[in-house]
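Q: The structure that follows is given in the form of structure tokens.
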Amino acid sequence: MSIPPDNPQRRLTLSNPLDPGATHFALAGGIYTLLVRGSDTEGKYCLIEMRVPPGGGPPPHRHDFEEMFTVLEGEIELTFRDETRTAKAGDTVNIPANARHAFKNVSRETARLLCVCAPAGQDEYFLLVGDPLASLDSPPPALTEEERVERREKAVKLAPKFLTEF
């Protein structure tokens with residue numbers, strides 16, 4: 001087996017959540033930043049920074065792709081196949097495809113995580129269900145209960161297209 005030749009059409013990706021041109025959006029009360037999109041990796045993976053407020057995190061779900069978190073700041077309580085574990089700053093967690101899981105920030109401060117999804121697609125899903133933010137310092141929108149229900153229904157409706165179920 002040989003390694004394919006370099007594809008000079010592909011470009012180096014260099015990103016930072018503090019860059020003025022970074023893509024930020026609010027999702028489930030947190031602020032997410034797309035660092036590396038699937039379009040940067042020929043769909044092989046995406047990288048998302050997640051800033052999750054105390055008590056925040058996604059409901060139980062599963063998806064047909066691999067997901068890995070590195071906790072940069074804070075502490076999350078992770079439920080994986082009905083078993084609960086804690087991941088602290090410095091820990092990395094790999095979630096195998098199709099396994100039911102959820103996590104919650106159990107810190108007093110915002111938890112910061114790097115999330116890799118392989119293959120990519122979660123980046124596009126999050127863009128469709130999240131609320132765009134002008135910058136990393138922009139507060140998430142204060143949603144009414146009706147708007148929260150609307151966002152949840154949209155996320156559930158689009159989930160199968162992105163190999164996800166709640």
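The values are calculated or read from the model by the stated rules, or taken from the named source; none is laboratory data. In this text, all values refer to a predicted model and were calculated from it rather than measured experimentally. When we count neighbours, we look across all protein chains shown, and the Cβ atoms used for this are built from the backbone with ideal geometry, even at glycine.
Q: Could you check, for the stretch 119-126, whether at least one of its residues is farther than 24 Å from G21 by Cβ and aromatic (F, W, Y)?
A: Going residue by residue through the stretch 119-126, those that are farther than 24 Å from G21 by Cβ are 119.
Within this subset, residues satisfying the condition of being aromatic (F, W, Y) are none.
Checking the stretch 119-126: not a single residue is farther than 24 Å from G21 by Cβ and aromatic (F, W, Y).
Q: Going by the structure shown, is A87 surrounded by fewer than 19 Cβ atoms within 10 Å (Cβ to Cβ) and among the small types (G, A, S)?
A: Numbers: surrounded by fewer than 19 Cβ atoms within 10 Å (Cβ to Cβ): no; among the small types (G, A, S): yes.
In short, no.
Q: Right, another one. Scan the stretch 13-55 residue by residue and report those that are small (G, A, S), under 13 Å from the mean Cα position of the chain (by Cα) and part of a loop (DSSP other than H, G, I, E, B).
A: Hits for the stretch 13-55 are A28, G29.
Q: For the stretch 115-135, how many residues meet the condition of being of a type outside the set (S, T, N, Q), surrounded by fewer than 16 Cβ atoms within 10 Å (Cβ to Cβ) and touching a strand residue (DSSP E or B) at 6+ places or on another chain (Cβ under 8 Å)? If you could, list the steps in order and put the result at the bottom.
A: Our first condition is that a residue be of a type outside the set (S, T, N, Q); within the stretch 115-135, this holds for 115-121, 123-134.
Subset that is surrounded by fewer than 16 Cβ atoms within 10 Å (Cβ to Cβ): 127-128, 131-132, 134.
Of the ones still in play, those that are also touching a strand residue (DSSP E or B) at 6+ places or on another chain (Cβ under 8 Å) are 127, 131-132, 134.
Residues meeting the conditions: 4.
Q: Follow-up question, since we're still on this one. Give the stretch 95-139 a look and list any residue that's part of a strand (DSSP E or B), touching a Phe, Trp or Tyr at 6+ places or on another chain (Cβ under 8 Å) and under 26 Å from T84 (Cα atoms), or say none. Break it down stepwise before answering.
A: So in the stretch 95-139, the residues part of a strand (DSSP E or B) come out as 95, 101-105, 111-118, 131-133.
Filter again for touching a Phe, Trp or Tyr at 6+ places or on another chain (Cβ under 8 Å), leaving 95, 101, 103, 113-118, 131-133.
Once the filter is applied, which keeps residues that are part of a strand (DSSP E or B), touching a Phe, Trp or Tyr at 6+ places or on another chain (Cβ under 8 Å) and under 26 Å from T84 (Cα atoms), the stretch 95-139 yields I95, H101, F103, L113, L114, C115, V116, C117, A118.
Q: Among the numbered criteria (1) at pLDDT below 95; (2) surrounded by fewer than 16 Cβ atoms within 10 Å (Cβ to Cβ), which single criterion is violated by E146?
A: (1)
Q: Here is a further query. When you go through T84, T70 one by one, which is the residue that is among the polar types (S, T, N, Q), under 13 Å from the mean Cα position of the chain (by Cα) and not in a loop (DSSP other than H, G, I, E, B)?
A: Values: T84 fails: under 13 Å from the mean Cα position of the chain (by Cα).
After ruling out the rest, the residue left standing is T70.
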